[in-house]
Structure formats: C-alpha cells, structure tokens
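Notes for the one structure printed next.
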Amino acid sequence: MKKIVVMCFLLLLTSSICNATAIDPNQSISTYAKSNSNNSSKDKDTQEISVSKRTTGESDNSLNNQIHSEKPRIALVINTDSLTQLHEKTPLALRSLLNKKFPEAQYTLIEDKQFYQSLLTSMEDEKISDMSMVNREIVSSLGKKYGYDYVVLLIYNFGTSDFSSSFWTATYKAVIKLNAKVIDVNLKDYLYRQDISVSGKSADAFGRPSYQSAIHQSMVNTTKQFCDEVKIDLIPNPLKKP
C-alpha cells in the first residue's frame, strides 16, 4: 500500500514539473514569424533603396547624354589645294586656332573624310572645279546627311607676294586669300561668309627670307581674323527637326 502511495506521489510531482517548464508551442511559432517578418521587411526596404539608386543613376546618365548631344556638331573642311609650298607646321597651327575657337567642351568639331569625299563627288557631278563656288544647298544637303548642325568651309588661295631688300635686311611678303563660309544646315543658309586677306611676312638680316614662312604667317593671320569674327551658338538652331 505504501508503495502505491509513493508512486502516485512521484507521478504527481513529475507532472507538475513538466507543466512548469513546458514551452508554449504557439508562442514559439509566433515569435519566429514575427522575426521572419521583420527580416523580410528589411530586405524589401534594402531592395527598394537599391532600385531607387540604380534608377537615379540611369536618369543622371541619360541627362548627361542629352546634354552632350546638344553640343553643336560642326563639319570642318580645310582646303589648301592651290597652295603648293606649305610650311610643315601650318596644318597644326590652323587646327590649334580652330580648336581654341570651338573648344571640345562646347562643340564637336570634326574633319570628316567621308563628308569631304562626298563634297568632292558632288562637285564633280555638278561640274564645279573650285570649291569656293559650291552653293549652300549642296553643302546643307550633305551636312544633313551626315548629321551636322553647321559646316565650316575654309578655302585658302594664293593672292600676291612681294620681295624687298635693304642693306641690312631682306623681306618677303605674301597675301593669302581665305574664302570662309559657315553654313547653317537646318536653315540652308550662310551664318557667315567672308573673303579675308591678311598679309604675312618673313624677314632676315644678312640672309634670305623664307617664302614658306611668309605664306604660313598670312594663313595664320587670316584664320585668326575668321575666328575673331565668326560666332556659332552653343545650342543648335531650335527649328531643327528631330
């Protein structure tokens, strides 16, 4: 009898201890779900921030490309075919002046070989031997074909020359004639058109002046005058169709 009472007592004690230490299963699931929900919310917020930054970056790049595309595109044609004795530094000097006039940050200035070849072909078709005689309709049509806003034609021809000497020095003077044209492709008209003649000279004491140096100086001087006089807007003509 005593054994039965002891066993019942032990069973009651064990049951009491188990009830006191048991974990509520519903509470455990609820806590896990809450933790998982918080983590998912954080992940979602992180993804949204990431997408927002990426979208903003693409928008900024698109804006930069749009700004870059608004730089006027200029086709540059430099013709010196009639001059047989050019100084070796002349081409670089002329391009340096033009690059300074039309800086890369504001303009896209291109000596386009394809455009030049097409211009020569059009001259041949129209039986034009002198590039200075090409009309603006032909130039505008080619400019539109190759995607330019403006075309700059600089055609250099020999003008006059003079030689003088004294006991101390000898001087060679030369005058180069520059036929300068700037055509607005959209308007099919001249933005600038001038014939420029500025002399250049080469002098040497007790020696012989350089014919090439005099021509070089004249070409530089005429180009400087062109750069001083011409003005091309930073943004292409608003009438231009897309």
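At-a-glance table
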quantity	calculated
Taking 89, 177 and counting other C-beta atoms within 10 Å, the order from fewest to most	89, 177
Distant-in-sequence amide H partners of residue 112 (H built 1.01 Å from N, under 5 Å)	76
Distant-in-sequence amide H partners of residue 185 (H built 1.01 Å from N, under 5 Å)	150, 151
Semi-axis lengths, Å, the stretch 72-229, gyration tensor of Cα atoms, sqrt of 5 times eigenvalues	33, 17, 12
The stretch 165-230: chymotrypsin sites (Phe, Trp or Tyr not before Pro) falling in loop per DSSP and having at most 15 other Cβ within 10 Å	167, 168, 206
Residue pairs, from the table 145/224; 127/224; 145/181; 181/201, whose Cα atoms sit over 28 Å apart	145/224; 127/224
Pairwise FRET efficiency - residue 170 versus residue 193, Cβ, R0 = 30 Å, nearest 0.05	0.20
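Only the coordinates and a few stated rules stand behind these numbers; no lab work does. Not measured: the values here are computed from a predicted model. All Cβ positions, glycine included, derive from the backbone under ideal geometry; neighbour counts span all protein chains shown.
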